[in-house]
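As structure tokens, the structure follows; a few thoughts come after it.
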Amino acid sequence: MATAVKICGITRVEDALAAARAGAHAVGLVFYEPSPRYVTPARAAEIIRALPPFITAVGLFVDAPAEKVRAALAEAPVGLLQFHGAETPEFCRQFKRSFVKAVQVKPGVDLLQYARDYHDGKALLLDNYVEGLHGGSGVIFDWSLIPRGLPLPVILSGGLTPENVTDAVRCVRPGAVDVSSGVESAKGVKDAAKINAFIKGVRNADV
């Protein structure tokens, strides 16, 4: 099965369309205001309206109050929620929408327990642990920390680039990969050539 690709931190319509043309399955919209890739719900809605069919818009939240999540969803109809903070399983479930839970991986983190706790999520998104950051660090983590046979699909993130994604997919065999800074010319500005090279690297690993 082909590895799915999500291009995260989209802030411009043209970057979302470049991702779609290159073969991405999903684009990520960051609703976390401290992020340099933050978009307002109104801007996110504009990007979502421009997407072609069968491309999933993913809304990323970090410890947002429930009412703020609901307000964003009312304006920007994303197809999947992605929680990057300390959100409990109960919090993630309350919106009656498919979700993935991000986990910052470091020695001692029990990914099997996360998979049990968030068993009704679509996947665990595994990212590098960097103090004070919630994704977009541009740094890979030790992939050997991922146990084999996790009962939830894995979305691999953290420091992926066109240069290392082929090895990453071959090593981890995730269900999907997620990239943000690795395909940028500046924070929040995607590079179409890098997106194409990244997805080509994923497809090379799928062969």
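The values are calculated or read from the model by the stated rules, or taken from the named source; none is laboratory data. This one's a predicted model, so the numbers in the text were calculated from it and none came from an experiment. Here Cβ is always computed from backbone atoms with ideal geometry, including for glycine, and neighbour counts include all displayed protein chains. These accessible areas exclude ligands, DNA and RNA; they are computed on the full protein's heavy atoms, side chains included. Shrake-Rupley method; radii C 1.70, N 1.55, O 1.52, S 1.80 Å.
Sequence-distant or interchain residues sharing an amide H contact under 5 Å with Val177, placed H: which? HN-HN under 5 Å from Val177: Ala4, Val5, Lys6, Leu156. The figure for Asp206 is an accessible area of roughly 50 square angstrom, using a 1.4 Å probe on the protein chains alone.
Magnitude of the charge dipole for the stretch 54-98, about its Cα centre and with charges confined to Cβ atoms of Lys, Arg (+1) and Asp, Glu (-1), is about 160 debye.
Treating the stretch 15-106 as a set of equal point scatterers at the Cα positions, no solvent, please give the Debye-formula log₁₀ I(q)/I(0) at q = 0.25 Å⁻¹. Values returned for q = 0.25 Å⁻¹ are -1.37.
Ordering Lys68, Lys200 by accessible surface, largest first, gives Lys200, Lys68; the 1.4 Å probe counts only protein heavy atoms, with every chain in place.
Listed values [x] 12.2; [y] 16.6; [z] 10.3 include one computed from this model; for mean projected area of the Cα convex hull in nm² that value carries the label [z]. Based on protein heavy atoms only, the stretch 1-73 ends up with 44 Å² per residue of surface accessible to a 1.4 Å probe. The listed peptides 171-180, 74-83, 109-118, 34-43, ordered by packing as a protection proxy, come out as 171-180, 74-83, 34-43, 109-118 (highest mean of other Cβ atoms within 10 Å first). About its Cα centre, the dipole of the chain is roughly 500 debye, where the only charges are +1 on Lys and Arg Cβ and -1 on Asp and Glu Cβ. Using the Karplus relation 6.51 cos²θ - 1.76 cosθ + 1.60 with θ = phi - 60°, the per-residue 3J(HN,Hα) values for the stretch 53-60 come to x, 6, 9, 7, 8, 10, x, 9 Hz, with x marking Gly and Pro.
Taking the charge dipole of the stretch 7-113 about its Cα centre, with +1 at Lys and Arg Cβ atoms and -1 at Asp and Glu Cβ atoms, the residue from Cys92, Pro34, Ile7 reaching farthest to the positive side is Ile7. What the phi angles of the stretch 74-85 give under the Karplus curve with 6.51, -1.76 and 1.60, with θ = phi - 60°, is a coupling list of 5, 9, 10, x, 6, x, 8, 9, 10, 10, 10, x Hz, glycine and proline written as x. Dipole magnitude for the stretch 114-207: computed about the Cα centre from +1 point charges on Lys and Arg Cβ and -1 point charges on Asp and Glu Cβ, it is near 300 debye.
Backbone amide hydrogens, once placed in the peptide plane, bring Val139 within less than 5 Å of Gly159, excluding anything fewer than 5 places away on its chain.
Restricting the count to DSSP beta bridges whose residues both fall in the chain, what percent are antiparallel, rounded to a multiple of 5? Of those bridges, close to 5 percent are antiparallel. In order along the stretch 194-200, the Karplus-derived 3J(HN,Hα) couplings, from 6.51 cos²θ - 1.76 cosθ + 1.60 at θ = phi - 60°, round to 5, 4, 4, 5, 5, 5, 4 Hz, and Gly and Pro are given as x. On the chain, 55 percent of the accessible area sits on carbon and sulfur atoms, based on a 1.4 Å probe. Based on Cα contacts under 8 Å between residues 6+ apart, the chain shows a relative contact order of 21 percent. Per residue, the solvent-accessible area of the stretch 103-207 (1.4 Å probe, heavy atoms of protein chains only, all protein chains present) comes to 47 Å².
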